[in-house]
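The values are calculated or read from the model by the stated rules, or taken from the named source; none is laboratory data. Just so you know, these numbers come straight off a predicted model, no measurement behind them. As a convention, Cβ positions derive from the backbone with ideal geometry for all residues, glycine included, and neighbour counts pool all protein chains shown.
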Amino acid sequence: MSDAILKVRDLKRDYVTKGGLFTPPRVLHAVKGVSFDVERGSTLAVVGESGCGKSTLARMLTMIDAPTSGSIEIDGAPIDISAGKVTREMRQAVQIVFQNPYGSLNPRQKIGAVLEEPLLLNTSTPAAERRDLAMAMLEKVGLKPEHYGRYPHMFSGGQRQRVAIARAIMLKPKLLVLDEPVSALDLSVQAQILNLLADLQDEFNLTYVFISHDLSVVRYIADQVMVMYFGEAVEYGTRDAVFDNPQHDYTKTLFAATPRADVASIKARLAAKSAA
Amino acid sequence: MSLLQIRNLRVEFDTAAGPFRALDGVDYTVEAGEVLAIVGESGSGKSVAMLAMMGLLPDSATVTADEMSFEGVDLRSLSTAQRRKVIGKDISMIFQEPIASLNPCFTVGFQLLETLKAHTDLNRRQRRDRVIELLTAVGIPEPERRVNAFPHQMSGGQCQRVMIAIATACHPKLLIADEPTTALDVTIQKQILDLLTGLQRDHGMGLIMITHDMGVVAETADRVVVQYQGKQMETADVLTLFEAPEHPYTRALLSALPENATGDRLPTVSDYTEAFASEQTEART
């Protein structure tokens, strides 16, 4: 691990639910001590079912939520939002793309404004330059200049996700957290977005933390894979190691549950059906 | 005689910009005990076709077909009251968003009882027993206690199980599942698909599976209809479709699967739309 841009050590996050008059408060351990490194320009995929803590992890990486204990280091600099000393530059280093492009864009904001807002809030770029940067970014993510003045409802799901990705990379982040970016999209659109992510990674040398529950997508895009189960990282390794030789029972269950779309498994299923 | 026979189905919506044709001459045949998958992207008309068949489209839609029959009965000639007797009993449907399709104001038990009350002659006690039986059949733990649960107290997978229980309450002959697992995790998806195919096999139901997930098709279907922009691209049995897809659009869909990726980038469906367009013009001339 020579050039790790993200170093996470023993990261924990507990949520405390308030107790009532006679019920003691309960502690929910959402993330129970996770450690990993992500190298610059590579992709770490985080896999797991809903409730396993993968989104909590994303919230901590993007400095939305403070960890209960453990450390996060981005590009050599430790971040700790509970101490309230995160600079604007630090926040620019990490951006996030959410799952649902229908919910993550403000319906009353034009696409141009969506893209310019990060610059407006974080930098002192003049308006004309912001506009040029937004135009250039639209083209980068495969949209057209005339889309600048349109509203989110005029776009399809795939186009909206392009806008969300464009917004996330406006500030040239070092690390991009993608929380299930393609699971709400059609298969054909999914392929386009995955290609776009690969193009952008090549161009800007971006580092991705890619959260997903779709193993076929993970296999395609990831360099490293981490499988989470009830807040713990039960499996962590290179893509080939995890896919070829899964160690943990949960990983095996996950592989078994993934639908297979190859001819051999269809034949096997039809044979089993006619035998029954 | 087929269970369901639809020929040359067309659906047009009146919009401010003139009529919009959502479906253009599609055919479906489902035999008893058969699993038909309808595959397509959003906007391909796969849900509209089923809603049209059940008469659930708004008034702005014009539905025409050369034939639309269920067990030999022409669905077009039925009055609304007669249609209601068939739908929910012999034909039933489950939808994509399990949490949104249950009424949040009533317990799941009540919503199950409602269906039984409308379609069966069972008395109160028998209905109650049947509800417990159904919840057990779809794998809800502690059904006696869960009948009194509200939808928000259950997980997405459990809500979908309840939806399946409601849909299968009257032993339908045809079950339509509209993207039943899109909102669910893979492990839960597997359980729901196993449950659906299990029920289908045990009761000899016809099952129409609407989906955009080729993996789901491969795991469940006997025959597959591929749709694109309201037109039928290809109909084939599942093995033929995956082994030797005829239509360029089907080939495009299959090669867009991440597990079939060969190179650095995934081929996208738009790489094939030109081939598709030229074939369309050929077909017309």
### Query
What number of residues within the stretch B:14-36 satisfy the criterion of being surrounded by 15 or more Cβ atoms within 10 Å (Cβ to Cβ) and either under 17 Å from B:Pro58 (Cα atoms) or free of Cβ contacts under 8 Å to residues at least 24 places away in the same chain (or both)?
3
## Note on the structure
Okay, strands (runs of 3 or more DSSP E) sitting entirely in the stretch A:1-50 with 3 or more residues that are more than 29 Å from A:Lys174 (Cβ to Cβ), I get A:26-39
### Query
Is at least one residue of the stretch A:77-96 under 28 Å from A:Ile221 (Cα atoms) and in a loop (DSSP other than H, G, I, E, B)?
no
### Query
If only one of B:Leu184, B:Leu195 is surrounded by 21 or more Cβ atoms within 10 Å (Cβ to Cβ), closer than 19 Å to B:Glu97 by Cα and either more than 13 Å from chain A (Cβ to nearest Cβ) or of a type in the set (A, V, I, L, M) (or both), which one is it?
B:Leu184
### Query
Which one is farthest from A:Arg260 (Cα to Cα), of the residues in the stretch B:228-239 that are within 10 Å of chain A (Cβ to nearest Cβ) and free of Cβ contacts under 8 Å to residues at least 60 places away in the same chain?
B:Asp237
### Query
Can you find a residue in the stretch A:214-221 that is outside any helix (DSSP H, G or I) and either within 12 Å of another protein chain (Cβ to nearest Cβ) or more than 21 Å from A:Ala4 (Cα to Cα) (or both)?
yes
### Query
Given the structure, is B:Val48 assigned to a helix (DSSP H, G or I) and hydrophobic (A, V, I, L, M, F, W, C)?
yes
### Task
With the condition kept exactly as written, say whether any residue in the stretch A:262-275 is hydrophobic (A, V, I, L, M, F, W, C), within 14 Å of chain B (Cβ to nearest Cβ) and closer than 30 Å to A:Lys32 by Cα.
no
### Query
If you check A:Arg239, A:Arg260, which single one turns out to be closer than 20 Å to B:Leu266 by Cβ and over 19 Å from the mean Cα position of the chain (by Cα)?
A:Arg260
#### Entry: Of all residues in the stretch B:198-227 being in contact with an Asp or Glu (Cβ under 8 Å, 6 or more places away or on another chain) and more than 11 Å from chain A (Cβ to nearest Cβ), the one that is surrounded by the fewest Cβ atoms within 10 Å (Cβ to Cβ)
B:Arg223
### Message
Criterion first (within 30 Å of B:Leu195 (Cα to Cα), among the aliphatic types (A, V, I, L, M), modelled with pLDDT of 90 or more and touching a Pro at 6+ places or on another chain (Cβ under 9 Å)) does B:Ile38 satisfy it?
### Response
no
### Task
Look through A:Val97, A:Val46, A:Val38 and report the one residue that is within 25 Å of A:Ser156 (Cβ to Cβ) and surrounded by 22 or more Cβ atoms within 10 Å (Cβ to Cβ).
A:Val97
### Task
Filter the stretch A:142-199 for residues that are over 18 Å from B:Arg265 (Cα atoms), touching a Lys or Arg at 6+ places or on another chain (Cβ under 7 Å), in contact (Cβ under 8 Å) with a residue 40 or more places away in the chain and not in a helix (DSSP H, G or I) and give the result.
A:Arg150, A:Tyr151
### Query
Residues B:Cys159, B:Cys170: which one is in contact with a helix residue (DSSP H, G or I) (Cβ under 6 Å, 6 or more places away or on another chain) and surrounded by fewer than 18 Cβ atoms within 10 Å (Cβ to Cβ)?
B:Cys170
## Note on the structure
Considering the stretch B:69-109, residues that are at pLDDT 90 or above and among the hydroxyl-bearing types (Ser, Thr, Tyr), and then whichever is farthest from the chain's Cα centre (by Cα), we arrive at B:Thr107
